[in-house]
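Here is the structure we will look at.
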Amino acid sequence: MRVVRSLQAMQKISRQLRQRHQSIGFVPTMGALHEGHLSLVDRARRENRIVVVSIFVNPRQFGLREDLARYPRPFRKDLQLCEKKKVDFIFYPTLRQMYPEDFHTHVEVEDLSEVLCGKSRPGHFRGVATVVTKLFNIILPHRAYFGRKDAQQAVVIQRMVKDLNMAVSVKVMPTVREKDGLAMSSRNTHLKPQERKDAVVLSESLSLARKLITGGEKSAATIIDRMRNHIAKKPSAKTDYIAIVNGKTLEPVKKVCAGCLIALAVRIGKTRLIDNYIA
Ligand code: PAF
C-alpha cells in the first residue's frame, strides 16, 4: 500500500493505471474509518483491480458552527485498517493542495442540495459536490463507492455525475449498523455513554415507520408524527427533521410508496446524527 500526498503524483498514477487498462475502484472518505467504510472497500476490492481510498477532512462541507475542529482524525489507525483490506493507494492530500489560495470554482447541484440536511447545513452539499468532483478528476475512478446512510449525498452525487456526464459509475452500498441498530458513523465517537444509548432512537423510529407501513399505514404525516413522538421520549434527543420524500427527487410525498426515502436528522446532545430507510 502506498500513501500519496501529492495531487499531481496521484493523478499521474491514475493516468498510468488507466493506460494499462487497470480498473480503479475509489472510496472517498474523511478518515475515522469504521465498518461502514470498510464494507465499501471490500466491495471496491471485489470489483476492481486497484483500490484507492482518499482521506481528506473537507473543510468546505462544514458550516461555521459545525464540528470541523473536533472531527476525529485517527490517521495511523486508518492506515492499518486499509492495509488489512489490501487497499493499493491512500490519497491523503494537504489542505493547500486541494484548495490553493486562488481557488474559486464550486459545483452546485441545485434543489437537491437545499432540502433535508441542506436546510440546516447550507453550503454542505456544494462542498461535497466540489470535493468529490476534484477527487474524481484526480483519481479517475471507474467506480466510486458511497454509503446509503448519507442518502441525500448519494442522490446529489448521482445527479451531478449524470448532469455533468462524468465517466464514473456510482455505487451506493447498504448502511452498516451496530448490534443495537445505530448506523455506523465517524461522529458516533463523540457520543457520551448515555447519549450513545439514546442514539438508538434514530434506528428505532425507522423500525417503527417500517412497522406502520407494513401494517398498512400510508399517511406520511401520521408516520412522521409517530416517529417524532418516539424520539421525544429521550431527553438528550432533539429532532432536526423527519421527512418522507421521493427517493430520486427528494420532494415530499403525502402517501408512502415503494422507493420513498424516510430520512431523519437528530441531535443527540451536541452530535448531529442522520439515518434513513427506503420503503
Ligand atoms: O461521506 C463523506 O465522508 C464525505 O462527504 C466525502 C464523500 C468523503 C466528501 O468529503
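Things to note:
- With contacts taken as Cα pairs under 8 Å and at least 6 residues apart, the range 158-279 reaches a relative contact order of 22 percent.
- Computed from the alpha carbon positions, the gyration tensor of the chain leads to an equivalent ellipsoid with semi-axes of 33, 20, 18 Å, biggest first.
- Degrees separating the helix 35-47 axis from the principal Cα axis of the chain, which is the longest one: 50
- Tilt relative to the chain, helix 220-232 - C-alpha long axis, 0 to 90 degrees, to 10: 90
- Pairs exceeding a 27 Å alpha-carbon distance, out of Lys149/Lys192; Lys134/Lys254; Lys85/Lys248; Lys85/Lys238; Lys149/Lys248; Lys162/Lys270: Lys134/Lys254; Lys85/Lys248; Lys85/Lys238; Lys162/Lys270.
- Relative contact order (percent, whole number), the chain, Cα cutoff 8 Å, 6+ residue spacing: 17
- Structure remark: mean-square fluctuation, Gaussian network model of the chain, C-alpha springs under 10 Å; the largest value among Gly31, Gly259, Gly247 belongs to Gly259.
- Between Leu40, Leu202, Leu95, the Gaussian network model of the chain with springs among Cα atoms under 10 angstrom shows the greatest mean-square fluctuation at Leu95.
- Adding -39500 (n - 2.57) for every DSSP H run of four residues or longer, then dividing by how many residues the chain holds, sets the calculated 222 nm ellipticity at -11500 deg cm²/dmol.
- A viscosity of 1.567 mPa s and a temperature of 4 °C, combined with the Kirkwood radius over C-alpha pairs in the Stokes-Einstein formula, give the range 149-279 a diffusion coefficient of 84 µm²/s.
- Debye log10 I(q)/I(0) at q = 0.20, 0.27 Å⁻¹ for the range 11-69, Cα point scatterers: -0.81, -1.06
- Near the amide H of Thr271, within less than 5 Å, lie no amide hydrogens of residues on another chain or at least 5 residues away, with H placed in the peptide plane.
- The range 1-42 - Kirkwood radius from inverse mean 1/r over Cα pairs (Å): 12.0
- Nonpolar atom fraction for the range 1-64, defined as the carbon and sulfur part of the 1.4 Å probe accessible area, stands at 46 percent.
- Simple label model, 7 Å out from Cα along Cβ direction - Met1 to His106, nm: 3.4
- Compared with the dominant Cα axis of the chain, that is its longest principal axis, helix 7-19 is turned about 80°.
- Zero-based 10 Å bins, Cα pair distances in the range 43-186, whole percents: 10, 36, 42, 12, 0
- Shown for the range 192-266: the carbon plus sulfur share of the solvent-accessible area, taken with all protein chains present and a 1.4 angstrom probe, equals 55%.
- Ligands, DNA and RNA are left out, and with a 1.4 angstrom probe the accessible area of the range 42-194 is 53 Å² per residue.
- Inter-centroid distance (Cα atoms) of the range 143-177 relative to the range 195-210, Å: 25
- Excluding same-chain neighbours fewer than eight residues apart, the lysines reachable from Lys86 by a Cα-Cα span under 18 Å are Lys77.
- The average projected area of the range 82-166, computed from the convex hull of its Cα atoms over all directions, is 6.8 nm².
The values are calculated or read from the model by the stated rules, or taken from the named source; none is laboratory data. All values reported here derive from a predicted model rather than from experimental measurement. Cβ coordinates were reconstructed from backbone atoms using ideal geometry, including for glycine residues, and neighbour counts include every protein chain displayed. Quick note on the areas: whole protein, heavy atoms, side chains included, nothing else; ligands and nucleic acids left out. Shrake-Rupley method; radii C 1.70, N 1.55, O 1.52, S 1.80 Å.
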